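Okay, structure first, notes after.
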Amino acid sequence: MSEEKDSATTMADTADQTAPKGDNAPEPEDKPKTEATAEVAAPKAEEKPAPKAADEKAEDAKPEPKSAAKEATADQQKSSTADKVAAKAAKPKDDKEAPEAAKKAKKEKPLAPEEKPFQEFMSEHFVPGLRDSLMNEGLADIDVTFEKKPIPIKGFEQSDCWQVQGKWQGGQRQFLVAFQQENIKGPKFYAAADNGSNPTLLESFMIDEKRPSQVLMTMYVRQRLNAQKWLTGN
């Protein structure tokens, strides 16, 4: 019995010495198979979702630049259209402003003396101009007036009208130009007298002139006085 126990003990010690310890111990056969399977399965699990996720991101990212490009193009088209409309609107405006500016310039031109109101033209232009012209002809003491009063001729005393009257030589000589209307284009009359007397004859004046002017009216008065030899040199 003691020999059998010793033999069993010896065999156990031999088995312990023979068995690998720690890292050198062989692993079970099932474990390597499981790890290999896991290693094979793991790449498959990692490979499949990665491309899908990349594709999805790519698909999500693709429309964005296209949309931005479309919006940019649309903005450019709108801006270009707006510029064209503005240019078209501005062009005819400039064309319209040109004639309007020309009209304003014409309106702003100073009026010719004859275009002014009757009394203004007579008082400020014709009477002073006639006085200066007759003084240059030798009538140094002539007095020329413009007023509305009866014509000093028998038969016309009751009719008041605007008259230009000139007197010189102490009132010994005189003439008048009467205007039937407050318009230099209306009917006009002339009369003259000497030796301090009143005129006795009223004559038509400038009846053939359709466009009387200051120059023409002055010339016609001088012609009448010169015909009576009342100017210098006669």
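The values are calculated or read from the model by the stated rules, or taken from the named source; none is laboratory data. Owing to the predicted nature of the structure, the values given are computational and were not obtained by experimental measurement. Reconstructed Cβ throughout: ideal geometry from the backbone, glycine too, with neighbour counts over all protein chains shown.
Considering only the range 190-198, I want to know if a residue exists there that is modelled with pLDDT under 95 and either in contact with a Cys (Cβ under 7 Å, 6 or more places away or on another chain) or on the phi > 0 side of the Ramachandran plot (or both).
Among the residues of the range 190-198, at least one is modelled with pLDDT under 95 and either in contact with a Cys (Cβ under 7 Å, 6 or more places away or on another chain) or on the phi > 0 side of the Ramachandran plot (or both), which makes the answer yes.
Would you check which residues across the range 171-192 are more than 18 Å from Ser159 (Cβ to Cβ) and either small (Gly, Ala, Ser) or in contact (Cβ under 8 Å) with a residue 40 or more places away in the chain (or both) and list them?
Gly171, Arg173, Phe175, Ile184, Ala192
Please enumerate the residues belonging to the range 183-194 that are assigned to a loop (DSSP other than H, G, I, E, B) and closer than 15 Å to Arg211 by Cα.
Those that are assigned to a loop (DSSP other than H, G, I, E, B) and closer than 15 Å to Arg211 by Cα: Asn183, Ile184, Lys185, Gly186, Pro187.
So, in the range 195-226, exactly how many residues are of a type in the set (D, E, K, R), over 16 Å from Ile151 (Cα atoms) and not in a helix (DSSP H, G or I)?
Residues that pass the stated criteria total 4.
Go through the range 209-226 and give me each residue that's under 44 Å from the mean Cα position of the chain (by Cα) and among the hydroxyl-bearing types (Ser, Thr, Tyr).
Listed by number, the list holds a single entry, Ser213.
Would you please name the residue that is modelled with the lowest pLDDT, looking only at residues in the range 127-158 that are part of a loop (DSSP other than H, G, I, E, B) and surrounded by 12 or more Cβ atoms within 10 Å (Cβ to Cβ)?
Phe156
Which of the residues belonging to the range 141-163 are more than 19 Å from Ala227 (Cα to Cα) and in contact (Cβ under 8 Å) with a residue 24 or more places away in the chain?
Answer for the range 141-163, where residues must be more than 19 Å from Ala227 (Cα to Cα) and in contact (Cβ under 8 Å) with a residue 24 or more places away in the chain: Asp141, Asp143, Phe146, Ile151, Pro152, Ile153, Lys154, Phe156, Trp162.
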